[in-house]
Structure formats: structure tokens, C-alpha cells
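The next block holds one structure in the form of C-alpha cells; read it before the comments.
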Protein chains: 4
Amino acid sequence: MSETGRTAAFSDGVLAIAVTLLVLDLRVPVRATLEGSLADALGHEWPSYAAYVTSFLVVGIIWVNHHAVFELLGRVDRIVLFLNLLLLMLVAAIPFTTSLFAEYLTAGGARARTAALVYSGVALGMSVAFAALFGYIGRHPALLAAGVDAVAVRGSILRFSVVGLALYALTMVIAVFSAPATLAAHAAIALYYCFRQTRATA
Amino acid sequence: MSETGRTAAFSDGVLAIAVTLLVLDLRVPVRATLEGSLADALGHEWPSYAAYVTSFLVVGIIWVNHHAVFELLGRVDRIVLFLNLLLLMLVAAIPFTTSLFAEYLTAGGARARTAALVYSGVALGMSVAFAALFGYIGRHPALLAAGVDAVAVRGSILRFSVVGLALYALTMVIAVFSAPATLAAHAAIALYYCFRQTRATA
Amino acid sequence: MSETGRTAAFSDGVLAIAVTLLVLDLRVPVRATLEGSLADALGHEWPSYAAYVTSFLVVGIIWVNHHAVFELLGRVDRIVLFLNLLLLMLVAAIPFTTSLFAEYLTAGGARARTAALVYSGVALGMSVAFAALFGYIGRHPALLAAGVDAVAVRGSILRFSVVGLALYALTMVIAVFSAPATLAAHAAIALYYCFRQTRATA
Amino acid sequence: MSETGRTAAFSDGVLAIAVTLLVLDLRVPVRATLEGSLADALGHEWPSYAAYVTSFLVVGIIWVNHHAVFELLGRVDRIVLFLNLLLLMLVAAIPFTTSLFAEYLTAGGARARTAALVYSGVALGMSVAFAALFGYIGRHPALLAAGVDAVAVRGSILRFSVVGLALYALTMVIAVFSAPATLAAHAAIALYYCFRQTRATA
């Protein structure tokens, strides 16, 4: 496999594992200590399920976009490997930020705000790493695969990076006011990426 | 690797991880607090082992069928990626529903029923996502690989989807009456898929 | 990727995950409750480290042998997929049997014996699944890749299966008498496979 | 896939899983027992975040170097497989040594020293396994891919192995004096590898 192919495969591995580890945040009520009905206990855990679905979509969209970036590449250099590693480091932390967010989503006050800011902060960091990776590739046309139009890449990079950064920065602002609204915003961004890009490629 | 190939590889990764994470539901009795023999303590955990084997077969069959669907595809679009992501989201939750089912399999009454309904509900959701993915592909012959017969695909989709939906809907009904019978039904469905399809391709 | 290639890749995924999950059996002494020196506390955990190394070698050897079997295959049918799934189900349980064995290795008496029997039993089950898979392939030359000598395959199957089954059956006998000797026997078998096969191919 | 390709893919799998399992060392403060602010509680966990980032870089650099070694190989023999397995066994233990190091980084005295020595010791063991693997390949030019210059490989092996062994041996010395300085040294080594090698290939 080429260096580019092996880097994409390694990244796919990390993304697949990170998304699957989200299930470890779903906790089974312990039978010996459970009071009341199991249905109530599970219903009480709704923040975990909402956070699971949202983070699954978030990582899924990252996978789709990561995929699109690596389609453009003909070769990788050490800077690409390093920026990609930074991106993966932030994605791999999502099972932690998801668990934190689910635990404090309904805690109210400063605690819910802290959890929402951490969740949005890691997502913003991801979009910064993505913009840095995408921007570096745009400035180094020698990395592009044969037949890829460098000018078109640079234009889509600008739009993509600005929109991503703006949207995730917005979730930081929302996080100051409401944790549940922050989670809803992340789910909406992920769904928006699905729809917008579907229209663009259909 | 093609977009179709990378999507299949990512899906394989999630399925392989989900099936291997099932082992985390098998708990080791703590030596310091164990009373009586270890053999008795392990025997007492039989619902965990039964649930492990059943869920391993269930995910294994999903892998085989997922595989068969992706063999037909020549390319993927955003809708396919999104429906596939929904399917993976449900499969990745199986270590949780398995652990829940094992914990409450012998609890009796409403609790065992709730656990059985959650387990069967996620399995039914999976078959709905599969039917949606399969049905979308059937209505878009442009996605099929060269040489794949669109009419034959549509026929097998109908049979496959209806049978899968009917069988998993049936486990929801069984779940109302008996949790152990529900687990046995899931194991029987997985084995049925093995045998039926073996006969069909041999 | 071909059906054979995708099955090998899925199996590789499960084996890689199972072997890496072994690390979850290595426990960090909790700082708040630790009495005495950390070095003593870690030294006290030697059964975990010995079991980690042994199981890592055991799964590593399975990977090498699994690899060798799939090199022979030109195509797979449903029976191969099913027998392979059985094999993976047993391998994926190794992080559990390893953790159990480490916890009770020094417990003495019936408890250590039970843990050693479970560990050896799953290893024996693995070698039975391997022999069944290998034997099925030997009886169906149509599955072999072009240029593979069916008679030579059948001969090596017989030797390989008989030796593997005999060695793991022997660990069941040893398990009745001594848990530490059982662990040493498993490590010795894994190292034996390394050396013997190195000589054979060098 | 070739035997070399499948070995590289299996290794990639183990490295991707080990690096992603690092997230399990990041603990969410339990809401029911949390006193004071969540921000303070998370801030108190800074050793976990520092250890996460450092170990992510360490494993990332191993992946890059492992990748570079396998680019040279045209085929693998049993000794390569065995040395590679030893290397993976040590890498797969990093989530454990990371968790241990984070737990005792600020404990001071003999406990922090023990944790730092274990962390550095496993890293040193890794560089020994790497040097053994690299050295074995250098002494067996028949394993190299067509067109790879055996003399140049031997020269870079010597430099690479000596530098790696010296740097990680140095962290053992630092570990005797200061745990936080040890962690910083590991992060610095990982970043040094990034920069130095970037310059060399740019």
C-alpha cells in the first residue's frame, strides 16, 4: 500500500475505534442496587443516548470529510502526518468529552457550562486541525494527486475551513448559555453537513 | 482504495470492534469478595455467556450480509454513507444492549421484559436501517457495480428486507412474554441465516 | 477486495483488537488507597504481567497460523465464514479468560484450578475450531487458490491439527495439578510454534 | 494482500487501537460525589491530559517509523514476525503505563519515581525491540524490497538505533530525579523525531 493509503487506513482505524468506544459511555444500571423500574432508570439516562447519537454523527462526518481530503492527495510528507496526528488526537478524545457532557448535561449552572465548553472546545480544536491540514495541502500543490485542480482545491478549502470554524466557534458561544442547546447545535451541524454535501454532489 | 472500498473497510472496522468489545461484558468475579467456589460464581454468570455467543452470531451475520450488499455496489453517494452510518450506530450499541440483557435476563417481570425489548428493539432498528440502505440501492441502479442485475437485486431486496423485518418484529412480541425465549429466538435467527444462505450459495 | 481478502481483513481486525484489549487487564493501583510502595504493589501484580505476555504470544501465533491458512484459499463459502466466526468468538474471549486466570493464578486450590481449566478450555476450543476450519478446507479442494497442492495441504492439516489438539488437551491435564505450570505450558507452546515454524521455513 | 502487507496492516491495527485506548485513561468526575467546581476537578486531572498527549505522540512516532521500516521490506520471515510481535506487545502496554504515570506523576518520592521508571522502561524496551527488528533486517538483505540499497539501510539503522536507545536510556536517568521532567523529555523526544525527520525528507 502507498504511504498515503496506509495513512488513510491508520486514520480510518482510529476513527472507527473512537466511534465504537462511544458505546462504553452507555452504562447498564446495576441490578443489585436498582430501585424502581428499569425503564425509568434507562429513561433517566437520556443524555447518554443523545450524546451517543450526536457524537456518532460528528465522528461519522469527520470520517467522510477526512476521506474527501485524502482522495485529493497523491503523497504525504511529515507535516501532513503530524497535522493528521493532531487531528486524530482530538477525535480520539471524543469518547471522553461525550461521557463528560452526558454526565453533566442536566447538572445546570457552571458545571453544565464547563462540560459543554469542553465538548465544543475539542470540536473547535478538531476544525482548527482540519483547517491547518487542509490549508497546508492547498499551499503545497506537489502533494496533490495527478489530475486534481489546485485552484479549485484552494477555493473549496477556504469555504470549508471558514464555515467549519465559524460553526464550531458558534457552539462555544451557545455553550455559555445552555448545555442542551449546545448538544442540539452539534447534532444540527452534523446533519447540515450531510444534507449540504449531498446536494453538492448529487 | 475506492470510496466504496474505504466505506466497506470502515464498516468492517466498526463491526470488528463492536463484536470484540462484547468481551468487556464478561466479568471476572473479584477474588477478595468471592464467597463459595469460582465454578459456581462463573456458572451463575451463564446469561453473560449466552448473550455473548448470541450477539457474536448476530454481528457476524450482519457482517456477512453487509459484505454481500457492498459486493453489489460500484459507487456510494452521501445517502448511502448516511444510511450506512445509521446502521453502524445501531450495531455499535450492541455491546450495551447485550450487557443490559445479560444483567436482567433472569430478573423476571417488568425488568427482564424491558431489557428484552431494548435488545430486540435495537436489532429491529438495525433491520430497518438495513432495509432502508438496501431499498435505496435497489431504487438507484446507477450505484450498482457493472454486471449486477438490477431486477434480481430488487427481488432479493424485497425478500431479504421483509423476512428480516418480520423476524425481528417477532422477537419484540416474544420479548413481552419471556426474556430467555427472546435470547433463544435471536440465536435461532442468526443460525437460520447461516444455514439458509449456505444452502442458497452451495 | 475479494471475499477472501475481506474475510481475512475482518479476522485480522478482531485478532488485533482482542490482543490490544489485553492491556485492560493490567490494573493501576489506586493512589488514594495504596499502602506501602508502588513497586511492591506492582510486583504483587506479576500474574497479570505473565498472563498478558502469554496471551499476547498465544493470539500472535493464532494470527500467524490464521494468516497461513488464508494464504491457501482462493475463495470462501458460508461454512468457512461460519467456522471462522466460531474461531474468532473464542479468540475474542481471551481477554476475559486471561483476566480470570491472572486474578486466580495464585489463589490455590479449586479456584486456581477452575481458572486454569477455563483458560485451557477456551484455548482447546480454539484449536478444535481451527482443526474444523482447516479440515473442511482440506476436504474441499475447490476452495484452494490456484497452484496450491491439495495433497500437501491435507498432510500438513493432519499434522498441524493433531499436534495443536494434543498440546492444548495436555494443558487441560496440567491445569488439574497446577495453575502456574499451566500458564508456563501455554507460553512454551507459543514459543515452540515460533521456533519450529521458523526452522521449517528458513 | 502480501504477507508483508498483511503484517503491516495487523501492526497498524494494534497501533491504532493502542493509541485510541489512551482515551480510557481520561476519567470523568462522578457527578454524585463531585465537590466544588467541575472546572477545578478537570484542572486537577492535568497529569492525565499531559500523559495522553505525550503517549499519543509517542505511539504516533512509532507508527511513522514502523511504517518506514516496512517500506523497505520485500518479504517477512518468522523472526521478523516474532520481533514485530514483541514490539507490538510493548506498544500495546502503553495505555497501562500512561495511566500509571498519570496517576502517580504528582505523588512525589519513590512512587512517582517508580511510575516514571516503568513508563521509560517500556519505552526503552520498545526501542530495543525496534533496534533488534531493524538490525535483523539489516543483516538479511534478502528481506529487502527490490531497489533498496542494503548499505544505506545498514547505515541509517545504526544511527537510528543508537540515537533511539540513547534517548530512551536518558529518560531512565531523568526518571530517577523527576517524574514531570521525564514526561516532558518523552514529549520532547517525540517532537524532535517529527522535526528532525521532516527536515531530512523535505
remark   = Every listed condition ((1) farther than 22 Å from residue C:57 by Cβ; (2) at pLDDT 95 or above) holds for residue D:140 save (2)
request  = Could you list, in sequence order, all residues of the range D:128-181 that are in a helix (DSSP H, G or I), within 24 Å of residue D:104 (Cα to Cα) and either touching an Asp or Glu at 6+ places or on another chain (Cβ under 9 Å) or of a type in the set (S, T, N, Q) (or both)?
outcome  = D:171
message = I'd like to check something: does the range B:48-60 contain any residue that is touching a Pro at 6+ places or on another chain (Cβ under 8 Å) and among the hydroxyl-bearing types (Ser, Thr, Tyr)?
response = yes
inquiry  = If a residue must be of a type in the set (Gly, Ala, Ser) and touching a Gly at 6+ places or on another chain (Cβ under 7 Å), how many such residues does the range C:140-166 contain?
reply    = 3
request  = Report the residue count in the range A:92-114 for those that are in contact (Cβ under 8 Å) with a residue 60 or more places away in the chain, at the interface with chain D (Cβ under 7 Å from one of its Cβ atoms) and within 22 Å of residue A:60 (Cα to Cα).
outcome  = 3
task = Among the numbered conditions (1) at pLDDT 95 or above; (2) closer than 25 Å to residue D:18 by Cα, tell me where residue A:10 comes up short.
result = (1)
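So which of B:73, B:86, B:117 ends up being more than 20 Å from residue B:25 (Cβ to Cβ) and without any contact (Cβ under 8 Å) to a residue 60 or more places away in the chain? Reasoning before the result, please.
Details: B:73 fails: without any contact (Cβ under 8 Å) to a residue 60 or more places away in the chain; B:117 fails: more than 20 Å from residue B:25 (Cβ to Cβ).
Going through B:73, B:86, B:117 in turn, just one is more than 20 Å from residue B:25 (Cβ to Cβ) and without any contact (Cβ under 8 Å) to a residue 60 or more places away in the chain: B:86.
Take residue A:109 and tell me if it is of a type outside the set (A, V, I, L, M) and on the phi > 0 side of the Ramachandran plot.
On the way: of a type outside the set (A, V, I, L, M): yes; on the phi > 0 side of the Ramachandran plot: yes.
When the stated conditions are applied, residue A:109 passes them.
Taking the range B:74-119, which residues are in contact with an Asp or Glu (Cβ under 8 Å, 6 or more places away or on another chain) and at pLDDT 95 or above?
Initial filter on the range B:74-119 (in contact with an Asp or Glu (Cβ under 8 Å, 6 or more places away or on another chain)): B:75-76, B:95, B:98-99, B:102, B:115.
Of everything in the range B:74-119, those that are in contact with an Asp or Glu (Cβ under 8 Å, 6 or more places away or on another chain) and at pLDDT 95 or above turn out to be B:95, B:98, B:99, B:102, B:115.
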ask   = Within the range A:153-169, can one find any residue that is out of contact with any Lys or Arg (no Cβ under 7 Å at 6 or more places or on another chain), crowded, with 16+ Cβ neighbours inside 10 Å, within 19 Å of residue A:80 (Cβ to Cβ) and aliphatic (A, V, I, L, M)?
value = yes
task = Only residues that are surrounded by 17 or more Cβ atoms within 10 Å (Cβ to Cβ) and either of a type in the set (Asp, Glu) or within 11 Å of chain A (Cβ to nearest Cβ) (or both): list them for the range B:14-29, please.
result = B:14, B:15, B:16, B:17, B:18, B:19, B:20, B:21, B:22, B:25
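For the structure I just gave you, tell me whether residue C:11 is at the interface with another protein chain (Cβ under 9 Å from one of its Cβ atoms) and on the phi < 0 side of the Ramachandran plot. I'd like the intermediate steps shown before the answer.
Working: at the interface with another protein chain (Cβ under 9 Å from one of its Cβ atoms): yes; on the phi < 0 side of the Ramachandran plot: yes.
In short, yes.
Within the range C:31-39, does at least one residue satisfy the condition of being surrounded by fewer than 20 Cβ atoms within 10 Å (Cβ to Cβ) and on the phi > 0 side of the Ramachandran plot?
Filtering the range C:31-39 down to residues surrounded by fewer than 20 Cβ atoms within 10 Å (Cβ to Cβ) leaves C:31-37, C:39.
Retained after the next criterion (residues that are on the phi > 0 side of the Ramachandran plot): C:36.
There is at least one residue in the range C:31-39 that is surrounded by fewer than 20 Cβ atoms within 10 Å (Cβ to Cβ) and on the phi > 0 side of the Ramachandran plot.
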Test for residue A:87: is it within 14 Å of chain D (Cβ to nearest Cβ) and either part of a helix (DSSP H, G or I) or of a type in the set (S, T, N, Q) (or both) = yes
Count of residues meeting criterion [closer than 17 Å to residue C:95 by Cα and more than 8 Å from every other protein chain (Cβ to nearest Cβ)] in the range B:30-50 = 3
request  = Could you figure out which of (1) surrounded by 15 or more Cβ atoms within 10 Å (Cβ to Cβ); (2) in a helix (DSSP H, G or I) isn't true of residue A:110?
outcome  = (1)
remark   = Note: among B:172, B:126, just one is surrounded by 19 or more Cβ atoms within 10 Å (Cβ to Cβ) and either in contact with a strand residue (DSSP E or B) (Cβ under 7 Å, 6 or more places away or on another chain) or more than 14 Å from chain C (Cβ to nearest Cβ) (or both), namely B:126
note = Exception for residue D:4 within (1) at the interface with chain A (Cβ under 8 Å from one of its Cβ atoms); (2) in contact with a strand residue (DSSP E or B) (Cβ under 6 Å, 6 or more places away or on another chain) falls at (1)
key: In the range A:54-67, residue farthest from the other protein chains (Cβ to nearest Cβ) [restricted to those that are touching an Asp or Glu at 6+ places or on another chain (Cβ under 9 Å) and over 15 Å from residue A:6 (Cα atoms)]   = A:55
ask   = Before we move on, is residue D:76 more than 9 Å from every other protein chain (Cβ to nearest Cβ), buried (at least 22 other Cβ atoms within 10 Å of the Cβ) and in contact with a helix residue (DSSP H, G or I) (Cβ under 9 Å, 6 or more places away or on another chain)?
value = no
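Evaluate the range A:44-58: report whether one residue or more is free of Cβ contacts under 8 Å to residues at least 12 places away in the same chain and either among the aliphatic types (A, V, I, L, M) or buried (at least 23 other Cβ atoms within 10 Å of the Cβ) (or both).
Filtering the range A:44-58 for residues free of Cβ contacts under 8 Å to residues at least 12 places away in the same chain gives A:44, A:46.
Restricting the remaining residues to those that are either among the aliphatic types (A, V, I, L, M) or buried (at least 23 other Cβ atoms within 10 Å of the Cβ) (or both) gives none.
No, the range A:44-58 contains no residue that is free of Cβ contacts under 8 Å to residues at least 12 places away in the same chain and either among the aliphatic types (A, V, I, L, M) or buried (at least 23 other Cβ atoms within 10 Å of the Cβ) (or both).
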Identity of the residue in the range B:148-177, at pLDDT 90 or above and out of contact with any helix residue (DSSP H, G or I) (no Cβ under 8 Å at 6 or more places or on another chain), that ends up nearest to residue B:50 (Cα to Cα) = B:177
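The values are calculated or read from the model by the stated rules, or taken from the named source; none is laboratory data. Note that the structure is predicted; figures quoted are calculated from it, not measured. Cβ: placed from backbone, ideal geometry, glycine included. Neighbour counts: every protein chain shown.
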